[in-house]
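A.B. asks: Structure below; questions to follow.
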Amino acid sequence: MEITAAYIWSQIFTVAEYSLLGLSYLARRRKLVVVLDIFSMICGIIAFVLLGADLGVGMSIVILLANFYYLWQEGKPELRKRRYWWDYVMLAVILAVILIITLFTFEGWLSLLSVAATVLYEISIWQNSTKVYKMLGIPVAFCWMSYNGFVLSPFGVICEFIMLTVSIYGYVKEVKSHKKRIRKKSQRSRSKAKKR
């Protein structure tokens, strides 16, 4: 592996990508998660282009384009309350595009880790639940960490390890917050029942 200017820039964009992604795992609102992911993916695309990782570029483009749909969806409160038929069609289209890109840019069995990460990511962000997003962030981080090792991106491996840690922390925090809300709701219900 030769250390060139392009390689150094790829590692700088990798650090920027994962800094933004880490912030998304700590965000409470889905809209902020999506906005941070958009900027993260732009940095990731540039990094993978500089590394010559075609499948990584393809998967990052799919995530970026899908995130614009999710951002549009977040701007329409009535669309966030339930799933419509076109949401399922959009998810199916995204998964089909992932398959097509994979067929044309296959770089070996280890490259499929980026495909697994992208599929899990799309399923996680497609949900309206930041809890699901953070939970699935754990296997997504593991897959991307392994893929970054495959394309010889040491900062990608290091940053993805940090993302793995952040996603675990974000998920645990989300679960604790959810349990706390349930306890408060239960206490309010009991206090109302006693007043009667």
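A.B. asks: When you scan segment 95-102, do you find a residue that is open to solvent by 70 Å² or more (accessible area, probe 1.4 Å) and either out of contact with any strand residue (DSSP E or B) (no Cβ under 7 Å at 6 or more places or on another chain) or not hydrophobic (A, V, I, L, M, F, W, C) (or both), even just one?
C.D. replies: Within segment 95-102 (the criterion being open to solvent by 70 Å² or more (accessible area, probe 1.4 Å) and either out of contact with any strand residue (DSSP E or B) (no Cβ under 7 Å at 6 or more places or on another chain) or not hydrophobic (A, V, I, L, M, F, W, C) (or both)), the answer is yes, since at least one residue qualifies.
A.B. asks: Can you tell me which residues in segment 132-145 are buried (at least 17 other Cβ atoms within 10 Å of the Cβ) and either on the phi > 0 side of the Ramachandran plot or of a type outside the set (A, V, I, L, M, F, W, C) (or both)?
C.D. replies: 133, 134, 137
A.B. asks: Hey, another quick one. Limited to segment 165-190, what total is found for residues that are under 17 Å from the mean Cα position of the chain (by Cα) and polar (S, T, N, Q)?
C.D. replies: 2
A.B. asks: Considering only segment 56-67, I want to know if a residue exists there that is open to solvent by 70 Å² or more (accessible area, probe 1.4 Å), touching a Ser or Thr at 6+ places or on another chain (Cβ under 7 Å) and not acidic (Asp, Glu).
C.D. replies: The answer is no; no qualifying residue exists.
A.B. asks: On the basis of being under 25 Å from residue 97 (Cβ atoms), open to solvent by 20 Å² or more (accessible area, probe 1.4 Å), modelled with pLDDT under 85 and not charged (D, E, K, R), does residue 163 make the cut?
C.D. replies: no
A.B. asks: Just checking, how many residues over segment 119-130 are more than 18 Å from residue 58 (Cα to Cα) and surrounded by fewer than 17 Cβ atoms within 10 Å (Cβ to Cβ)?
C.D. replies: The number of residues fulfilling the criteria is 2.
The values are calculated or read from the model by the stated rules, or taken from the named source; none is laboratory data. This one's a predicted model, so the numbers in the text were calculated from it and none came from an experiment. Methodologically, a virtual Cβ is constructed for each residue, glycine included, from the backbone with ideal geometry; neighbour enumeration extends over all protein chains shown. For accessibility, only protein heavy atoms count, side chains too; no ligands or nucleic acids. Shrake-Rupley method; radii C 1.70, N 1.55, O 1.52, S 1.80 Å.
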